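Please treat every number below as a calculation from the coordinates, not as lab data. Everything numeric in this text was worked out from a predicted model, so none of it was measured. Because the Cβ atoms are built from the backbone with ideal geometry, glycine has one as well, and the counts that use them run over all protein chains shown.
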Amino acid sequence: MTSPIFALADEYITSFARLHPMVAGSIGITGDFGVASDLGPDAEAERAQLARDTLARLGALESTGSADDLARLHMTERLESQLALHDAGEWRRALRVPYGFLQSLCSYVDLAPRGTEDQWRTTAARIRAIPEMLATWRRTMDAGIAAGQTVAKRQVAEGVKQA
């Protein structure tokens with residue numbers, strides 16, 4: 001029987017995967033979550049709200065033992081860190097080199113399994129989703145410019161070269 005804390009962790013991962021299929025696929029979470037992540041400001045706010053809601057629910061759950069205690073500590077640290085970055089506006093300037101969105105997008109395609117015909121179809125769908133994901137990411141970068149939260153010129157120049 002799964003404890004309420006572990007059940008919440010599973011629920012969070014599934015919900016997050018639906019909101020960010022690119023990350024889910026990149027880290028091996030399987031399921032029918034689609035292939036394109038919305039990287040726009042509204043989607044970023046939705047993922048942050050999921051983290052807030054999960055953190056609140058987590059705090060209300062009773063521990064059933066040391067495994068729950070450890071899971072709670074880990075989830076709390078990860079969710080609070082995610083929210084701190086979100087609240088600081090870091091999502092508005094996710095152009096980082098060498099470990100930013102552009103590299104994640106390349107890895108999402110490059111690391112996709114290709115052993116079967118279905119896997120190749122998924123890889124092709126990921127490639128077809130790139131323009132959509134870039135368009136939503138552009139809205140986020142524009143929100144960063146409007147808020148005065150941008151990256152250094154050197155990051156932009158290197159990002160352009162890598163793109």
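Annotations
- Taking other Cβ atoms within 10 Å as a rough exposure proxy, W120, W91 sort from fewest to most as W120, W91.
- Percentage relative contact order, segment 36-163, counting C-alpha pairs under 8 Å, at least six apart: 39 percent
- GNM top mover of V35, V23, V97 - the chain, alpha-carbon springs below 10 Å: V97
- Alpha-carbon Rg with Dmax, taken over segment 4-162, Å: 17.2, 52
- Charge dipole magnitude, Cβ of K and R +1, D and E -1 - the chain, Cα centre, debye nearest 20: 800 debye
- Residue exposure proxy: R52, R138, R154, ordered by other Cβ atoms within 10 angstrom of their Cβ from fewest to most, comes out as R154, R138, R52.
- Span from the segment 149-163 Cα centroid across to the segment 1-58 one, whole angstrom: 28 Å
- Net charge of Cβ neighbours under 11 Å - reference M141; Lys, Arg +1; Asp, Glu -1: +3
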